[in-house]
Structures are given as structure tokens and as C-alpha cells.
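Here the structure is laid out as C-alpha cells; the discussion comes afterwards.
The values are calculated or read from the model by the stated rules, or taken from the named source; none is laboratory data. Please read all numbers here as calculations on a predicted model, not as lab measurements. Cβ placement follows ideal geometry from the backbone for every residue including glycine, while neighbour counts extend to all protein chains displayed. Surface areas here come from the heavy atoms of the whole protein model, side chains and all, with no ligands, DNA or RNA. Shrake-Rupley method; radii C 1.70, N 1.55, O 1.52, S 1.80 Å.
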Amino acid sequence: MLSCDGLRKLYEDHLAVDGVSFSLDPGNIGGLVGPNGAGKTTTMRCLAGLIPATDGTLQVAGCDLSDGGSNSLMELKRRLAYVPDDPPLFDDLTVGQHLEFIGRIYGVDDHRRKSTELLDYFQLRDKINAGATTLSRGMRQKLAICCAYLYDPAVLLLDEPMTGLDPPGIRRLLESIKNRAAAGATVIISSHLLAMIQDVCSHLIVMQHGKLKYFGDVNHLRTQFPNSKSLEEAYFEATNTLAAV
Amino acid sequence: MSSPHQHLTWLTLQRAVFRLRRAANRMRSPRRIVASAIALIFICAYILNGFFILASRSTADVESLRLWLSGGMVLYLIYHAVRCVWTDKQVDMEYTAAESLWLCGAPLKRSTVATYKVNTVLFSALLKTFFLVIALAPDVRHAGLLATGVFVALVLLETVRMIWQRLISGLSHRYLVGARVAMSAIAAAVVIQFFAQLASITPPNSQPGIYVLNSFRAIGRVASCDGIQWLALPWRPAALLATTAEITTHTAVQFLASVALLPCAILALVRIDAWAATAILARERMRLQSGDYFRGSNAERYDEGHSQDDTLADRIESLMPVRLRDSVALVWRQALSIRRYSGTILFSFFVPTVLCLSPLLTGRVGNQWAFIVAGISLCTMLLAPPALRLDFRRDLKRMLLLRALPLRPIHAVLGQLTLPVLITIGFQWTTLGIAAMVIGPGWSQIVGWGGMLSALAVFTFATENALFLAYPHHENAQGLGMVVRANVMFLGKATLIAAAVGALLVWVTVCRSIFSDPISVPVYVFGAVAGTWILATSALMVTAWCWRRFDISADLPPE
């Protein structure tokens, strides 16, 4: 469960997010889309508790972030996984050690078996002893996703997760997202690759200039623009129409 | 059930083991074999020097050493505190990007992560302790207690530095201005105290060399003064422990007191960190409510600034020779940075200018010019490179981008080095000009030293960048490699200065023996200037070669 009401975030003198409100239930997959600089990453970081919201109420995975309490934040971090765009890794740990560390910190039972399964799934098994600096962009992305999946979070926030992934990696990622949502997780994917996420997302969150332009069911967006053959076309029509208003 | 601290200790150990293995592999790499050899020779020489030469020197007074250790920490802290208040943007606890994501994003208390961060300074503190103990061991009876005391004092120093940094990040603009005024006043008081002590311990009309030698005693006296010692109270137990003559129950108390201060400092860090986060958020909310933020499109802001930058670029292009027009973009980029940091750069050169001109106050006419020139040379070689880190040394993360530019290596080098060198030459000629107006040393001295010092500026920046391109390092890198690098660079520069002075004396002697008096002066002046410029030009060529040789797949250092 994820609910965001009137979220606003001010950086110095720049209002990055201005009054964004939406909510997703367990099992929903939200596609967070918008032009560059729309405030998508800031929204995700606020939802992940990495940066405090300047205003608004946030309820994520049963935790109320509005009071800023450290207990709520700790509990949220146990239940949420955030994978940023181009995730930074520890240069001085191997692939296996990254998963070992996450398994220990999150208290994951049998984390070594789960790590092996995840590495097999994302085809990283032969890199288990490789240092993070030796990994390609896509491999680093896969490792960060493995670390996020290891502790089975109730909420998954993925910022441009497909960037750098090879086609099999993209397919496996999307399948895994569907499986996790089916198991009850709430997922938000921020991506510019609308054609890739259209079959996965149940809801669409469209942002522009820090404001929410559209939130709703993906099918509802299509019925609003019946001439659009794809989600991408509907998105362009929606943003052009709304921009013209 | 294991605690988060255990997991973070595991993380620290794994990272340390990885780094040691990686360092060993890098040292054995053929591209770094020369640097590795120099580092090993230096360490061996340092240890042997410590055991055989330093051990036979006359020992320092224990009480003075104690006051130096505690007071010295405070002086260092004042320097960092002043730097911190004048820095525009504070980095959150100096976390790396990976630590910010995986540790701050994990279900760990901020206090736990802060403790982990303090642990990461242990290794660099250990290294500094190693080097200090070798130098100071002859002055104490118990080297083990010396090592413990120094180590604890250094860790406490780093923790207090982080506390101060976090405190500053939480201040509003009004209080930040107040902090800047207060810290600048304290720094000015320390500097005035230094000069006052120097004047009091140096007999009047002494040679400038005596003033230079007494400056270390003057710093010691500043460190020992009551004001500094009151501030140094937290370091007193560690200083007492380090200089223990007889092991008694007091020693145990001093040990417990010095070690107990560390968790107290970490607790203070955690509290101040929480306060800073709350203060920053409260200010954000106030600003949001008051509507005091930019509402227009970023394009408007971009257009305004962009047109000014275009004018600057045109001006630079018009000033540069046609053959070097390729380098305009790089020079323009340097100019933007210099414009942004102009205040810091001016201040960085104001103090050395004043120090270089201080021999004018000694009242002796004979040697003043020599000491002023020596001061300018030292400032050029030692202070200018860190103050003007605007060349390749700040572009480690952008090497791929620089490599992709359609520039010949020499043009890239000239583009990166032109403005830092010109600023240094500006400092030199300003100082020389003021000194010349007071002393009136004659045209040969002014032309000769003006020309040679300019060449020294070119040589210094070219060499710094050549070494950086041959053995790159991150800006805030710490560790054995950096300690060795700093010491080897310092020794190298000192040797260079000595060799240069020797060569100059030889050249003057040769000229005077071959040519008669009216002719010998212009010969040795212009010959010396030409010789130094040939060296400087060669250094530029070497830098260009190093840039051509630079391999982004092999030479970029790990984080």
C-alpha cells in the first residue's frame, strides 16, 4: 500500500515536486512517467524516505512518513526497496559480498540460497566473485535489483530499471515485477520506455514540471484517447493535450 | 541475533581486505612500478632515518611536546573550521554514493551509520600515527603509549571536524554569516598571536632566516597559549598519555579518559546531525510557506546567465593566439570556475603575498629581496598548486569526456594550465612589484627574477599535472599512497629548489668569469631566464606526453 497526498519538495529555491497525490494498493504496478526534470526521481526518493518531504502526507507500506519519526523510517526501510538510476555500488566489494551484506543487514533467512537463485535468474552467477568495478552498466543494474529482491520488500521503487539491461534481462525483470506484484507487492517503475512497461503497469502516474498531470488506470487513459493504439501514443496525446490547456 | 554494528564491522573488514589486495596488485602493475619503487624506498628511508638519525637527536621537553600535541590539534581544527564555514556546499557526512544508498537506505539508525563513518577514518589515523611515532619516539619513554595517545587524538580530531561540518550545514544564512565572522576573527587572532610571538622571541634586526627558523617555535608558543589550551581540553588526556614518563594509576585514568571521549564525540555527532536535519527541513518548510522560491521556467534563468558566458568566451577567444584557438573552450571553462571561486582564490593569494612581503618589516636592506624571492618561490611551488586545483587534477571523473575532445595533447594541456599559471604569475609580479617599490633592487633583479619565477610557475603546474596524469588520485583520497605521495612531492620540491639555486650560482659564477662586468649582468640575467623557460617548456611537453599516454581503462584509480 502506498499513498501520497499533496507531496511537495523544495530544493533551495527550486520547487521540484508541487502537490502530487496518488495511491496504489498491493498488487498494483504504477508507471511513473514524464519528461526529464519532471520530479519523478525526487518523488521516488521522498517515498523511499531517503529525503524528507517539505510538505504533504506519505503513507508507504503501513508507515506514516509525515511525522518524520525515526522508528517509522526504520520500519519503512525494512519493507521497501529503492533501486535508483545507475545504482552506485561499493567499489571494494564483490557481487557475492554485496548480497551477503544485504542479507545480513536485512536479516534475511537463508540469504545465501536466495542470493544464488537471484544470481542465476539474472545470469550473474559467474560474476559472483567479480569486483563491482569490473561489472558493466547492465550488470550493475542487475546486481542492484538482486539486492533489492533479496529481502522480498512489500514496496518496490525502480527508477529507470531497464537502462543498460540486455533484452533477456529486460524480459526477466518485467516478469519478476509481475510475479512480485501478484504476490502482493506494490511496485512503481519510473521509465521512459513506455512500450516496454505498457503490458506490466496497471496504473499510470504522469508528471510534468513537478505537477501531477494524470493518475489512473492504464485502461482509463486508453479509453480517454481511443485513437491511440499504444500507451506511448496515449501518453503523447495526454501530455500534448494537457500542455495545450 | 547479531547487531547492526557487527554487520557494519563485517562490511569494514571486507572492504579493507579487498582494498589491501587491490593495492598490492596495483603496486605490482608495470604501469606503476616506478611509483611503487619510490614509495618503498621512501618508507624504508623514513623508518631508517627514524631509528638511526632521529633517535640520536636531542630530545624535546616533554611538557612542550604535550602542549604541541594538544594545541596543535586545535590549530589544525581552527584551519579546517574556517575552511568549512566559507565552503558553499557541505557534503552530508562525506558519505560516498554507495554508502548513501545502501547504508542510509538500510534499516539502520543514523547513529549506527555515523559510527561506521567514524570507523572509516581509523585507517588514515593509524597511518598518520605511524609516521608521527617514528618522528617523536626519541622524545618519550613509552612509544606504545605515544602511539595510543596520538591515534586517539587524531580520531577525536576527525570526529570533531565532522561535528563542525554538520553543525555548519544546519545553520541558517544569518547564523552562517555570524559563524564566518567569528571564525575569521579567531583565525586572525591566531595569526596576529603568531606574529607577536615571532617578534618577541626574535631579537630585533635579525636576519630573515632567523625569523623563518623561529617561526616553528612561534607556532609552538601559540599552541601552548592559554586560549588554545582551553580549547584543547578534550585532547589533554591523550596528550598526557602520549608523553607519560612513568606508568602509574594516572596512566590508566588518562587512557580511559582519552578513549571514553570517542563515544562522547560520536554521540555529539549523532545529536548534531539530527538537529541539522531538522533545522534544514524547518527552513525548507518556512521557505515553501512564504513562497520564497523560483517559480518561472528554468529557461529564463539559463538565458540570463548564458549570454554573460557567451561574452566571456568571445573575449577569451579574441585574446588567444590563433594557433591555440582550439583551447578556447577549456580556457573558457577555467574562467567560469575562477569567476565562481574568485573570492577564495584572492584570499588564498592575499595571505602568501603578505607573508612574502614580511621581510620588509625586518629593517635590514641587504637580504630582504632574497628572502622575498625565496618566499615567492616557496609559495609558487607549495601553495599555488593546491589553491588552484583547476586543471587535470579536478577532472579525474571527466577524463573520458576530456579524452573525447578533438584537441591535440599540447592544446589540451595549454587549455587546462593557462589560467592557473597566469593567476600565479599575477601573484608573483604583484609581490615583486610591491617589494621593488620599497627596496629598489635594480632592473636586472626585477627582470631576472620576474622571468625566472614566471617560468617556475609554468614548471610547477606542468610537473604537478604530469605526475597526476602518470599516477592519478582522487581529490580527497587518503591512505598510505597519499601520505607517501605528499612526503615524496615535498622532498622532491625541496630538492628541486636547492638544485635550482645551485645551478643559478654556478651560472652566475661562470658568466662573471667569462664576461666582464657591464656585459656579464645582461648575459646571466637573460641566460638564466632563457634556461628556466627552456625547462618550463620541456615540462609542458612532458605533461602533453603524459596526457597522450594516459589510458582511461588502466590508469583511473578506484574510488
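The set of residues from the range B:392-401 being part of a helix (DSSP H, G or I) and under 15 Å from B:Pro472 (Cα atoms) comprises B:Phe392, B:Arg393, B:Arg394, B:Leu396, B:Lys397, B:Arg398, B:Met399, B:Leu400. Taken together, the residues in the range B:239-296 that are away from chain A (no Cβ under 14 Å) and not hydrophobic (A, V, I, L, M, F, W, C) amount to 10. Need pairs with beta-carbon distance below 7 Å; first residue aromatic (Phe, Trp, Tyr) and within the range B:39-59, second open to solvent by less than 60 Å² (accessible area, probe 1.4 Å); sequence gap 6+ or separate chains. From the range B:39-59, the pairs are B:Phe42/B:Val484; B:Phe42/B:Asn487; B:Phe42/B:Val488; B:Tyr46/B:Ile134.
Name the single residue, out of those in the range A:87-104 being open to solvent by 10 Å² or more (accessible area, probe 1.4 Å) and at pLDDT 90 or above, that is farthest from the other protein chains (Cβ to nearest Cβ). Going through the qualifying residues, I end up with A:Gly96. For the range B:230-251, the tally of residues that are open to solvent by less than 50 Å² (accessible area, probe 1.4 Å) and touching a helix residue (DSSP H, G or I) at 6+ places or on another chain (Cβ under 6 Å) stands at 10.
Taking the criterion of being closer than 30 Å to B:Leu156 by Cβ and in contact with a Lys or Arg (Cβ under 9 Å, 6 or more places away or on another chain), the only residue of the range B:15-61 that qualifies is B:Ala39. Taken as a whole, the condition of being in contact with a Cys (Cβ under 8 Å, 6 or more places away or on another chain), open to solvent by less than 20 Å² (accessible area, probe 1.4 Å), more than 14 Å from every other protein chain (Cβ to nearest Cβ) and farther than 30 Å from A:Leu150 by Cβ does not apply to B:Gly149. All conditions in (1) of a type in the set (Ser, Thr, Tyr); (2) within 11 Å of another protein chain (Cβ to nearest Cβ); (3) buried (at least 23 other Cβ atoms within 10 Å of the Cβ) hold for A:Thr43, with the sole exception of (2).
Tell me, yes or no, whether the range B:549-558 has at least one residue that is more than 14 Å from chain A (Cβ to nearest Cβ), open to solvent by 60 Å² or more (accessible area, probe 1.4 Å), free of Cβ contacts under 8 Å to residues at least 24 places away in the same chain and assigned to a helix (DSSP H, G or I). No, because not a single residue in the range B:549-558 is more than 14 Å from chain A (Cβ to nearest Cβ), open to solvent by 60 Å² or more (accessible area, probe 1.4 Å), free of Cβ contacts under 8 Å to residues at least 24 places away in the same chain and assigned to a helix (DSSP H, G or I). Is one or more of the residues making up the range B:188-198 in a helix (DSSP H, G or I), at pLDDT 90 or above, within 30 Å of B:Arg283 (Cβ to Cβ) and open to solvent by less than 60 Å² (accessible area, probe 1.4 Å)? Yes: the range B:188-198 contains one or more residues that are in a helix (DSSP H, G or I), at pLDDT 90 or above, within 30 Å of B:Arg283 (Cβ to Cβ) and open to solvent by less than 60 Å² (accessible area, probe 1.4 Å). Do we find that B:Ala494 is among the small types (Gly, Ala, Ser) and either in the same structural domain as B:Ser124 (by TED's automatic domain parsing) or modelled with pLDDT of 90 or more (or both) in this structure? The answer is no for B:Ala494.
Is it true that some residue in the range B:73-90 is away from chain A (no Cβ under 14 Å), over 26 Å from B:Ser258 (Cβ atoms) and either at pLDDT below 80 or in contact with a strand residue (DSSP E or B) (Cβ under 6 Å, 6 or more places away or on another chain) (or both)? Checking the range B:73-90: not a single residue is away from chain A (no Cβ under 14 Å), over 26 Å from B:Ser258 (Cβ atoms) and either at pLDDT below 80 or in contact with a strand residue (DSSP E or B) (Cβ under 6 Å, 6 or more places away or on another chain) (or both). Of the candidates B:Leu75, B:Leu69, the single residue that is open to solvent by 30 Å² or more (accessible area, probe 1.4 Å), of a type in the set (A, V, I, L, M) and under 23 Å from B:Ile134 (Cα atoms) is B:Leu75.
Given B:Gly527, B:Gly492, B:Gly531, B:Gly479, which one is more than 14 Å from chain A (Cβ to nearest Cβ), under 22 Å from B:Phe42 (Cβ atoms) and small (Gly, Ala, Ser)?
Numbers: B:Gly527 fails: under 22 Å from B:Phe42 (Cβ atoms); B:Gly531 fails: under 22 Å from B:Phe42 (Cβ atoms); B:Gly479 fails: more than 14 Å from chain A (Cβ to nearest Cβ).
Going through B:Gly527, B:Gly492, B:Gly531, B:Gly479 in turn, the sole match is B:Gly492.
Could you pull out the residue among B:Pro386, B:Pro420 that is part of a helix (DSSP H, G or I) and either open to solvent by less than 50 Å² (accessible area, probe 1.4 Å) or polar (S, T, N, Q) (or both)? Let's see the steps before the verdict.
Working: B:Pro386 fails: either open to solvent by less than 50 Å² (accessible area, probe 1.4 Å) or polar (S, T, N, Q) (or both).
The conditions single out B:Pro420.
Would you confirm whether any residue within the range B:260-270 is of a type outside the set (Ser, Thr, Tyr), in contact with a Gly (Cβ under 8 Å, 6 or more places away or on another chain) and modelled with pLDDT of 90 or more? Looking for residues that are of a type outside the set (Ser, Thr, Tyr), in contact with a Gly (Cβ under 8 Å, 6 or more places away or on another chain) and modelled with pLDDT of 90 or more, one finds none in the range B:260-270, hence no. Scanning the range B:26-42 for any residue that is under 16 Å from A:Asp91 (Cα atoms), more than 10 Å from chain A (Cβ to nearest Cβ), within 28 Å of the chain's Cα centre (by Cα) and open to solvent by 50 Å² or more (accessible area, probe 1.4 Å) turns up at least one such residue. Might you let me know whether the range A:4-19 holds any residue that is surrounded by fewer than 23 Cβ atoms within 10 Å (Cβ to Cβ), under 15 Å from the mean Cα position of the chain (by Cα), of a type in the set (D, E, K, R) and within 25 Å of B:Phe294 (Cβ to Cβ)? Among the residues of the range A:4-19, not one is surrounded by fewer than 23 Cβ atoms within 10 Å (Cβ to Cβ), under 15 Å from the mean Cα position of the chain (by Cα), of a type in the set (D, E, K, R) and within 25 Å of B:Phe294 (Cβ to Cβ), which makes the answer no.
Sub-6 Å Cβ pairs linking a first residue in the range B:1-23 that is more than 9 Å from chain A (Cβ to nearest Cβ) to a second residue that is at pLDDT below 85 and open to solvent by 50 Å² or more (accessible area, probe 1.4 Å), at least 6 apart or interchain, are B:Thr12/B:Asn119, ordered by first then second residue.
Restrict the check to the range A:109-130 and report whether at least one residue is touching a residue at least 40 places away in the same chain (Cβ under 8 Å), open to solvent by 60 Å² or more (accessible area, probe 1.4 Å) and either away from chain B (no Cβ under 13 Å) or more than 25 Å from A:Ala183 (Cα to Cα) (or both). Among the residues of the range A:109-130, at least one is touching a residue at least 40 places away in the same chain (Cβ under 8 Å), open to solvent by 60 Å² or more (accessible area, probe 1.4 Å) and either away from chain B (no Cβ under 13 Å) or more than 25 Å from A:Ala183 (Cα to Cα) (or both), which makes the answer yes. Among (1) more than 9 Å from chain B (Cβ to nearest Cβ); (2) within 19 Å of A:Leu15 (Cβ to Cβ), which single condition is A:Asn71 missing? That leaves (2) as the condition not met.
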